[in-house]
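Here's the structure, in structure tokens; my notes come after.
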Amino acid sequence: MTRPDLPAGVVVLEGTDLNGEWGRFRVFEALHHGMAICNPMSSDDLDRLVDALDPIDRERALDLACGHGELLLRMAERAAIDGVGVDLSPWVIVRAATKAAQRSLVGAVTWWVGEARGAATEPQWDIVTCLGASWIWHGFDGTARALLARGRSGARIAVGDLRLRKAVDAASVAETYGRVLTVGEQADALASLGLLDIAELPIEESGWDDYQERIEASAVAWCKLHPGEEAERFLAEQRAWKRDHDRDRELLQWTVWTARVP
């Protein structure tokens, strides 16, 4: 498959191995190209998150590991924000920029290819989000600290991550996932940073199953468009993801928190 060109205006962060990232994220592209939201949130869930973040004109919003950019695009449809979406996959940045050109935005959004860690803490932002990429900062705690470091006083943040279901023993998942927090531990981690107005956003219980179905549909469609040995490997990868999901669905739950920087 021929790689697309990066659209005009896309920023490549210093130190990014662009050629290497095209190859590294090819499997992610195969398994996610057919979806708008690259995590277990539904469209209604995402709208509720935009409501909670409440973007207003002239605010600056930063989405770290932005995927196809749907969260920023919905904020930019609502208010004249100045948004930046950062992701290490050039595939998703191409799709986000393409979608932005097709949407009726009242705000402006710029797309950066590179490590989310490379998004500087200055100048600070009014809205800072990271949904489903806590591995970048080695867990929920580190992700919350990274968002806090980039938010000005009064900024709203949102972090999405897995957590243990109630009554699940942490030791039962430690070998596979390492340290996974309970809902109470996640709330305590946010409170320990001095964040205010901490709230868990209700997420539809069916979201994780729906996400796996979207992954399967994307993988199957990719195989039809690009048949061959590589496509078969990507289908095998999708099946492995599904097996992991089936194993862990009774242990883990997707959650999204919002909070305000003091």
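For ARG24, indicate whether it is of a type in the set (D, E, K, R), out of contact with any Gly (no Cβ under 8 Å at 6 or more places or on another chain) and open to solvent by 20 Å² or more (accessible area, probe 1.4 Å).
yes
Does any residue in segment 239-259 that is over 30 Å from ILE127 (Cα atoms) come within less than 6 Å, Cβ to Cβ, of a residue that is of a type in the set (S, T, N, Q) and surrounded by fewer than 20 Cβ atoms within 10 Å (Cβ to Cβ) six or more places away or on a different chain, and which pairs are these?
Matching pairs, first to second residue: LYS242/GLN212; HIS245/GLN212.
Just the residues that are within 15 Å of THR255 (Cα to Cα), surrounded by fewer than 12 Cβ atoms within 10 Å (Cβ to Cβ) and of a type in the set (Gly, Ala, Ser), please, taken from segment 203-244.
SER206
Output yes when any residue across segment 102-114 is out of contact with any Gly (no Cβ under 9 Å at 6 or more places or on another chain) and at pLDDT below 95, and no when none is.
no
Condition test on ILE157, is it open to solvent by less than 40 Å² (accessible area, probe 1.4 Å), under 22 Å from PRO55 (Cβ atoms), in a strand (DSSP E or B) and aliphatic (A, V, I, L, M)?
Numbers: open to solvent by less than 40 Å² (accessible area, probe 1.4 Å): yes; under 22 Å from PRO55 (Cβ atoms): yes; in a strand (DSSP E or B): yes; aliphatic (A, V, I, L, M): yes.
The answer is yes for ILE157.
Does GLU200 satisfy being without any contact (Cβ under 8 Å) to a residue 24 or more places away in the chain and open to solvent by 30 Å² or more (accessible area, probe 1.4 Å)?
Numbers: without any contact (Cβ under 8 Å) to a residue 24 or more places away in the chain: no; open to solvent by 30 Å² or more (accessible area, probe 1.4 Å): yes.
No: the conditions fail for GLU200.
Residue by residue through segment 4-14, note down the ones that are open to solvent by 80 Å² or more (accessible area, probe 1.4 Å) and farther than 17 Å from ALA100 by Cβ. Don't jump to the end; show me each part of the working.
Just the residues of segment 4-14 that are open to solvent by 80 Å² or more (accessible area, probe 1.4 Å), to begin with: 5, 8, 14.
GLU14, the sole residue that qualifies.
Out of everything in segment 95-135 that is in a helix (DSSP H, G or I) and farther than 15 Å from HIS68 by Cβ, what residue ends up being nearest to the chain's Cα centre (by Cα)? Don't jump to the end; show me each part of the working.
Looking only at segment 95-135, we keep the residues that are in a helix (DSSP H, G or I), and these are 95-102, 116-118, 134-135.
Within this subset, residues satisfying the condition of being farther than 15 Å from HIS68 by Cβ are 116-118, 134-135.
Details: ALA116: 11, ARG117: 14, GLY118: 16, SER134: 9, TRP135: 11 Å.
Among them, the one singled out is SER134.
Against the condition of a type in the set (S, T, N, Q), open to solvent by less than 40 Å² (accessible area, probe 1.4 Å) and either in a loop (DSSP other than H, G, I, E, B) or more than 23 Å from ALA36 (Cα to Cα) (or both), how does GLN186 come out, does it pass? Explain how you work it out, then say what you get.
Numbers: of a type in the set (S, T, N, Q): yes; open to solvent by less than 40 Å² (accessible area, probe 1.4 Å): yes; either in a loop (DSSP other than H, G, I, E, B) or more than 23 Å from ALA36 (Cα to Cα) (or both): yes.
Against the criterion (of a type in the set (S, T, N, Q), open to solvent by less than 40 Å² (accessible area, probe 1.4 Å) and either in a loop (DSSP other than H, G, I, E, B) or more than 23 Å from ALA36 (Cα to Cα) (or both)), GLN186 qualifies.
Going through segment 111-148 one residue at a time, which ones are farther than 20 Å from PRO90 by Cβ, of a type outside the set (D, E, K, R) and surrounded by fewer than 16 Cβ atoms within 10 Å (Cβ to Cβ)?
Start the filter on segment 111-148 by keeping residues that are farther than 20 Å from PRO90 by Cβ, which leaves 120-129, 134, 137-148.
Now drop any that are not of a type outside the set (D, E, K, R), which leaves 120-121, 123-125, 127-129, 134, 137-140, 142-144, 146-148.
ALA120, THR121, PRO123, HIS138, GLY142, listed by residue number.
Of everything in segment 160-182, what is under 25 Å from ALA116 (Cα atoms) and open to solvent by less than 40 Å² (accessible area, probe 1.4 Å)? Give them in sequence order.
GLY160, ASP161, ARG163, GLY178, VAL180, LEU181 - these are the residues of segment 160-182 that are under 25 Å from ALA116 (Cα atoms) and open to solvent by less than 40 Å² (accessible area, probe 1.4 Å).
The values are calculated or read from the model by the stated rules, or taken from the named source; none is laboratory data. If you're wondering where the values come from, they're calculated on a predicted model, not measured in any experiment. No Cβ is skipped: glycine too gets one built from the backbone with ideal geometry, and neighbour counts run over all protein chains shown. Note: accessible area is taken over every heavy atom of the protein model, side chains too, but ligands, DNA and RNA are not part of it. Shrake-Rupley method; radii C 1.70, N 1.55, O 1.52, S 1.80 Å.
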